[in-house]
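A.B. asks: Sharing a structure with you now.
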């Protein structure tokens, strides 16, 4: 089950197979939970049976001693049931926590294996909701609903069996009296999974809408889009409200119907038992024991039905979590190996789903070790081209290859070693400075970390921190500002050591002096590697081997800085505006590599 642009949802069969795998992974603990629950249920059966014996013994004229002995036996069985049930819950909770850890680890592995294009199309809201709210719901189900469902299911089964053992006819009446519960449960289960899946999808849409609004708050204010964004968020919240009210309606019908049904089997057994006892077919103690068993059945059965309701929510959440297994993924074994580091863009066109064509027939070759600057006015397609080069998106037409292999076909690990895109959006992870850097290269030594920090101009402020590399970042620790976050991200790039680095305004949050120093330091560190800079600061273009000029989705000029300035074209005009001087007259004769030349 999948919706265009949204991450897929696992089918029921997939969920059952996955659950079976989780149980097999910790089968001993699961078997112990079942065994302890069975023993606890057996200990609980003794009470009603002994109570019936007491009734029969008193009617037969037995003394107080017999009653006291059976009362003591009831007490001992109750204590045994309590201890066994607590032990079973303890083992069950440990089993649930270990299983939840496996679910989380598998989710993270699958999320990291997703191609960037899949994550971009789905939106961060859906993936974030699945990794937080849905995983939390699954965890609650595993810790609480799972063990409780096992315990109470075993108790309900044993209690029903005990009634049949005492008198098959009374047992049949008791089971028939539970028929309304079956119909109510069937009505509910037919509707619950779809309802909870819709609720989860609506929650993802709310998260995506709010995330997009917050991330683009400045743009929203600048273009006066506040009213439109408020309306969009309200619409998402209204849809979420309706889905939550639908699942609430299902519960409000299901639970009252079940509660009323509990009275029917007890009443049926008392009425039929009274008739049979009047005819001498069954003892009064047996009727009392059967009635008590069925009265006790209401407790575990009620708990089972409540846990089934929680299981529907947990199952729907697990379907969303497990759905990542159905998303397109490229493993290291499937990823082809590029022949070299040459990047070729051939006849590339690209259009976003909700917009017009952004790139129109772009041809470009980036030679290994070259420093290429991509410049042009806003909306020319520079950032879109950088996303295609980094494998974040696939072209609508044409191809983008590295070493003859489509960039979007590379697995995440190989892609990270081949091409890295660094934008002005950076993230500081909770943990130490060292933790933030080791993400790029887990085997790096402290000396290598300091070298990477020094390369991007961050060594000085990191050494000034209380614990240096061991200083905690984020809440309760050092709060890195925008420029420090960018420098940490660039240090990670140095550690990742890719052959091609794409900088999309990666130093935008740094002041001009620091930005130029950082870019030159990076250039020194990445000597011999390919650097593609999407830049508005034309000093970056001045230092590049070649400059590519984008206009209206097309590559209109391509060549060295001096030749483009001398040609008097679009780049010369940009350079003149940047320096506040008129652009030079065009040189007589072609001195520039035109779009598509290599």
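The values are calculated or read from the model by the stated rules, or taken from the named source; none is laboratory data. What you are looking at is a predicted structure, and each value in this text was computed from that prediction instead of being measured. All Cβ positions, glycine included, derive from the backbone under ideal geometry; neighbour counts span all protein chains shown.
A.B. asks: State yes or no: is residue 275 modelled with pLDDT under 80, over 30 Å from residue 307 (Cβ atoms), assigned by TED's automatic domain parsing to the domain that holds residue 161 and surrounded by fewer than 16 Cβ atoms within 10 Å (Cβ to Cβ)?
C.D. replies: So residue 275 fits the description; yes.
A.B. asks: Out of the helices (runs of 4 or more DSSP H) lying entirely within region 438-543, which hold 1 or more residues that are assigned by TED's automatic domain parsing to the domain that holds residue 410, at pLDDT 80 or above and more than 34 Å from the chain's Cα centre (by Cα)?
C.D. replies: Values: elements: 446-455, 459-463, 482-496, 512-525, 538-543.
Correct list: 446-455, 459-463.
A.B. asks: Considering region 318-350 alone, what residues qualify as being modelled with pLDDT of 80 or more and touching a strand residue (DSSP E or B) at 6+ places or on another chain (Cβ under 6 Å)?
C.D. replies: Within region 318-350, 338, 343, 344, 345, 346, 347, 348, 349, 350 meet the criteria.
A.B. asks: I've got another one for you. Within region 258-300, can you find the residues that are over 47 Å from the mean Cα position of the chain (by Cα), outside any helix (DSSP H, G or I) and within 25 Å of residue 42 (Cα to Cα)?
C.D. replies: 282, 283
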